[in-house]
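Colleague: Got a structure here, written out as structure tokens. Questions coming.
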Amino acid sequence: MLIGELSRRTGVRTHQLRYYEAQGLLEPGRGTSGYREYPDDAVLTVAQIRRLLEAGLSTEEIGYLQPCVTGTAPELEPCPELLDTLRARLKGLDEHIDTLTRSRQVLHDYIDATERLVSQDSQG
């Protein structure tokens, strides 16, 4: 199938499909006309990519994990790189959440302090 049909069948824009190809996540062939031609299983591959992106994985990580991925859910089959990659991503997310939580608290503190000053100025 051509890229336009893959886009229609998956709901993913053609520029995103080209990006997945550039990242090595999709491997279309080339027809005699030179156009990209995707196999039927590319629909499944795109669904897997989208779900893994939703989990916060980068395209680089997805490429690394693709040999472990099956089904539309997708399911992750045990393979050596799987748990290390997922644990590293989770650790990174936890660190990012901690940083955001601290930033949020500092902003709350600034707002509270500023509101107290405004309150004092309006009373004085």
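Colleague: Select from the stretch 38-53 the residues that are of a type outside the set (D, E, K, R) and not in a helix (DSSP H, G or I) and list them in ascending order.
Modeller: Within the stretch 38-53, Tyr38, Pro39 qualify.
Colleague: Still on this model: In the stretch 3-23, which residue that is in a helix (DSSP H, G or I) and of a type in the set (A, V, I, L, M, F, W, C) is surrounded by the fewest Cβ atoms within 10 Å (Cβ to Cβ)?
Modeller: Ala22
Colleague: Suppose we keep only residues that are outside any helix (DSSP H, G or I) and in contact (Cβ under 8 Å) with a residue 24 or more places away in the chain within the stretch 72-114. Which one would you say is surrounded by the most Cβ atoms within 10 Å (Cβ to Cβ)?
Modeller: Looking at the filtered set, the residue picked out is Pro74.
Colleague: In this structure, does Glu60 turn out to be within 26 Å of Ala22 (Cβ to Cβ), touching a Leu at 6+ places or on another chain (Cβ under 7 Å) and charged (D, E, K, R)?
Modeller: no
Colleague: Across the stretch 24-49, which residue is modelled with the lowest pLDDT among those that are charged (D, E, K, R) and surrounded by fewer than 18 Cβ atoms within 10 Å (Cβ to Cβ)?
Modeller: Step by step, filter the stretch 24-49, then rank; the result is Arg30.
Colleague: Can you name every residue in the stretch 115-124 that is of a type in the set (S, T, N, Q) and surrounded by fewer than 10 Cβ atoms within 10 Å (Cβ to Cβ)?
Modeller: Across the stretch 115-124, the qualifying residues are Gln120, Ser122, Gln123.
Colleague: Please work out which one of (1) open to solvent by 40 Å² or more (accessible area, probe 1.4 Å); (2) outside any helix (DSSP H, G or I); (3) closer than 30 Å to Ser7 by Cβ is the condition Gly56 fails and give its number.
Modeller: Here Gly56 meets the rest and fails (1).
The values are calculated or read from the model by the stated rules, or taken from the named source; none is laboratory data. What you see is a predicted model, and the numbers here were worked out from it, not measured in a lab. For neighbour counting, all protein chains shown are included, and Cβ atoms are generated from backbone atoms with ideal geometry for every residue, glycine included. Side chains included, ligands, DNA and RNA excluded: accessible areas come from the protein's heavy atoms. Shrake-Rupley method; radii C 1.70, N 1.55, O 1.52, S 1.80 Å.
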